[in-house]
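A short write-up of the structure that comes next.
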Amino acid sequence: MPAHVTLVTIDQVVGSALAASLQDRVGLDVVSAPPTRLGAIATSNVDLVVLDLQVPESLAHCKALADAGLRVLFLVDSPDDEELLAAVEAGAVGFAASSGGLRELEQTVNAALRGEACVPRRLLGGLLRGLVQRRRELDVVEQRLETLSAREREVLGLLGDGLDHKQIAQRLFISPETARTHIQRLLKKLAVRNRLEAANLAAEYGISRQGDVA
Amino acid sequence: MSGGSARADSSWTPVRRGALSDDGESVRDPQGSVIVLNTTAQAVWELCDGSTTMPEMVHALLTLFDAPEATIRHDVSEALIELSRHGLLSQPQEEPA
């Protein structure tokens with residue numbers, strides 16, 4: 001039973017040519033599909049999606065596909081380190097250089113199907129350094145979160161739920177001024193500029209009022 | 001061992017030294033021998049920049065490779081030991097001024 005691979009590229013002619021060539025070389029079931037089919041692909045029994053990074057909203061599509069349990073390999077031209085990092089964080093299993101030729105693409109597709117990470121050697125250093133840097137940034141945020149008092153953490157959770165200071169005051173049975181003070185203190189401790197940034201941070205770190213409110 | 005030992009402490013931030021081949025898959029040690037790097041060693045080599053610790057290396061590789069943490073930690077440790085054994089790593093302060 002051959003593995004099913006779907007190629008999604010902006011240029012359908014390129015996609016069809018690549019699919020035909022790959023199918024011929026590796027004995028896989030390879031088809032080409034337009035980006036408009038990505039939603040349907042997520043619910044199909046495809047083993048690997050080779051997705052052109054240039055496809056609009058390709059990172060969001062990658063995340064949806066990865067969440068659906070599909071492996072996604074990005075076809076890249078000359079991506080910067082930020083794009084690579086975002087792709088990995090979106091769940092991509094690797095990258096194939098569009099300039100690498102058919103043989104390299106064939107090897108990368110096979111490696112991805114075997115469950116191996118596929119990062120072209122020339123992209124490896126930048127991606128790894130980006131991952132280290134991102135981890136350091138997260139560590140800093142986590143350290144700042146640990147400095148919050150229980151009440152400030154509670155207020156942060158409510159900000160994350162979209163409440164303003166008056167609603168927070170009502171919810172916690174405190175005065176609006178006290179709620180405002182808690183907000184100002186937590187903004188300072190988290191080194192964020194405003195409530196929106198704090199709310200985004202709360203959402204990102206899964207801080208909710210659930211379980212915090214007595 | 002030459003060129004610094006592969007210390008196990010989490011604050012060690014090794015620096016790579018040696019000439020990487022054009023394809024990035026091998027490196028020439030101080031004695032002129034060519035050392036072929038496996039996938040993990042290639043990644044570790046890239047991260048031996050004098051500021052990245054071993055736990056940070058493990059975490060970065062964990063994000064990239066679909067393997068258990070214990071396996072990644074073991075492979076990173078092995079790579080550091082091998083690179084050290086060939087004199088390809090040094091401490092940041094051991095770098096010539």
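Only the coordinates and a few stated rules stand behind these numbers; no lab work does. These numbers were taken from a predicted model, which means no experiment stands behind them. We place every Cβ from the backbone using ideal geometry, glycine too, and count neighbours over all the protein chains shown.
Here are the numbers for this structure:
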item: Qualifying lysines (Cα of each under 28 Å from Cα of residue A:166; at least 8 residues distant if same chain); result: A:188, A:189
item: Degrees separating the helix B:69-85 axis from the principal Cα axis of chain B, which is the longest one; result: 10
item: Residue-wise HN-Hα coupling along the stretch A:107-113, computed from phi with Karplus coefficients 6.51, -1.76, 1.60 (Hz; x: Gly, Pro); result: 5, 5, 4, 5, 5, 5, 5
item: Dipole in debye (nearest 20) - the protein assembly as shown, about Cα centre, beta carbon charges: Lys, Arg +1; Asp, Glu -1; result: 1000
item: Inter-chain Cβ neighbour average for residues B:63-69, partner chain, 10 Å; result: 5
item: Partner chain coverage, peptide A:126-133 - average Cβ within 10 angstrom; result: 6
item: Sum of -39500 (n - 2.57) over DSSP H runs of 4+, divided by residues of chain B (222 nm, nearest 500); result: -12000 deg cm²/dmol
item: Length-normalised contact order of the stretch A:1-135 in % [C-alpha pairs under 8 Å, at least 6 apart]; result: 20
item: Order by protection proxy (mean Cβ within 10 Å, highest first), peptides B:25-34, A:62-71, A:149-158; result: A:149-158, A:62-71, B:25-34
item: Residue-count net charge about residue B:56 - beta-carbon cut-off 11 Å; Lys, Arg +1, Asp, Glu -1; result: +2
item: Mean separation of Cα contacts under 8 Å, 6 or more apart, over the residue count of the stretch A:91-214: relative contact order %; result: 24
